[in-house]
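Novice: Quick one: structure below, then a few questions.
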Amino acid sequence: MASIAIDGPAGAGKSTIAKLVAKKMGYIYVDTGALYRAIAHYLVINQIDIENEDALAKACEGISVSIQYEQDVQQVYLNGENVTPFLRTEETGNMASKSSAKAPVRAALLDLQRDMAKEYNVVMDGRDIGTNVLPNAEVKIYLTASSKERANRRYKELLEKGENADFGKIEADIIERDERDMNRDIAPLKQAEDAVLVDSSDMGIDQVVDVIMSVAQNALP
Ligand code: DC
């Protein structure tokens, strides 16, 4: 089986790009952020204090996360319930950024991610796929963009959905999340030594996909 790992900060366009690359390659797209968000969702609804080590460890023991594909779209199940519709909120994202720094949360998801890559050809996106989850991935991409550009994309996305958006707050949240994801002790976000850096600040989606496809075509038999 072959793996394409795409890591990078929040809002860099990883999921949009990874989905398109997966389609072109005929691979399965694995959105690992959604797995962290599923655990975060559990922690929020059960009001678990993540700074309480015992409470967090106990909660993680009682959590089972799994993935299924329905019409080629990833669905995340938490203790047997499909929680996919609840995962994209700001609250869940912010909790995921905090709780994903905790060892029991990361440990709870490691095997699931590795098993997916053993069973299928995957394009897997996240923060530590190339550095930690799949260190032997055939293709590693570090996809980033300036915080201004990432905030701008998110701002437009919210306006298009008819939601209220405050550009300054969105950018501040992005910077805060980068800070947390890059500076945590366990599996921090960083470019793997053998990853190809793609800065999409001034690139369109198709251009980014083309760059990654050419890296993949050179690396894969
Ligand atoms: O990519 P995302 O915004 O859905 O991810 C939500 C949070 O989960 C992110 O702030 C960091 C964490 N995460 C992680 O620690 N490791 C991954 N492989 C994917 C996400």
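Novice: How would segment 175-221 be classified by its alpha-carbon gyration tensor: rounded, prolate or oblate, with rounded meaning a/c under 1.5 and the a/b versus b/c comparison settling the rest?
Specialist: Cα axes put segment 175-221 in the oblate bin.
Novice: Pick out which of Gly130, Gly162, Gly13 has the largest mean-square fluctuation in a Gaussian network model of the chain, springs linking Cα atoms closer than 10 Å.
Specialist: Gly162
Novice: Now for a separate question. Whole-Hz Karplus ³J(HN,Hα) for segment 17-30, in order, using 6.51 cos²θ - 1.76 cosθ + 1.60 and θ = phi - 60°, x for Gly and Pro?
Specialist: For segment 17-30, the Karplus curve yields 5, 4, 4, 5, 5, 4, 4, 5, 7, x, 9, 8, 8, 10 Hz.
Novice: In what order, largest first, do Asp202, Asp178, Asp49, Asp173 sit by accessible area if the probe radius is 1.4 Å?
Specialist: These residues rank, largest area first, as Asp202, Asp49, Asp173, Asp178.
Novice: Tell me which GluC sites (Glu not before Pro) from segment 27-70 have a DSSP coil assignment and no more than 15 other beta carbons within 10 Å of their own.
Specialist: Glu51
Novice: Provide the solvent-accessible area of Thr92, counting protein heavy atoms only and rolling a 1.4 Å probe, rounded to the nearest 10 Å².
Specialist: Spelled out: Thr92, probe radius 1.4 Å, area about 10 Å².
Novice: Using only the Cα atoms of segment 37-118, construct the convex hull and provide its projected area averaged over every direction, in square nanometres to one decimal.
Specialist: 5.4
Novice: Here is a further query. Where the centroid of each part is defined by its Cα atoms, how far is segment 191-220 from segment 118-154 in Å?
Specialist: 10
Novice: Let me ask something else about it. Per q in 0.11, 0.13, 0.21, 0.25 1/Å, what log10 I(q)/I(0) does a Debye calculation on the alpha-carbon atoms of segment 114-187 return?
Specialist: Result of the Debye calculation: -0.42, -0.56, -0.95, -1.07.
Novice: Provide, in order from the shortest bin, the percent of all Cα-Cα pairs of the chain in each 10 Å bin, continuing until the bin that contains the maximum pair distance.
Specialist: Values per bin, smallest distances first: 8, 34, 38, 18, 2.
Novice: Next up: Over the chain, what is the percentage of antiparallel beta bridges among all DSSP beta bridges, to the nearest 5?
Specialist: Percentage antiparallel, nearest 5: 30.
Novice: When we measure straight from the Cα of Lys140, which lysines land under 16 angstrom away, once same-chain ones fewer than 8 places off are left out?
Specialist: Lys14, Lys19, Lys190
Novice: For the chain, what relative contact order do you get, as a whole percent, if you take Cα pairs closer than 8 Å and at least 6 residues apart?
Specialist: Once normalised by length, the contact order is 33 percent.
Novice: Please list, by residue number, every one of the GluC sites (Glu not before Pro) in segment 95-185 that is coil in DSSP and has at most 12 other beta-carbon atoms within 10 Å.
Specialist: In loop regions of segment 95-185 (DSSP not H, G, I, E or B), the sparsely surrounded GluC sites (Glu not before Pro) are Glu163.
Novice: Still on this structure, please answer the following. Relative contact order for segment 1-112 using alpha-carbon pairs under 8 Å, separation at least 6, rounded to a whole percent?
Specialist: Worked out over segment 1-112, it gives 26 percent.
The values are calculated or read from the model by the stated rules, or taken from the named source; none is laboratory data. Just so it is clear, the model here is predicted, and its values are computed rather than measured. Backbone-built Cβ (ideal geometry, glycine too); neighbour counts: all protein chains shown. Heads up: the accessible areas ignore ligands, DNA and RNA and are worked out on the full protein's heavy atoms, side chains in. Shrake-Rupley method; radii C 1.70, N 1.55, O 1.52, S 1.80 Å.
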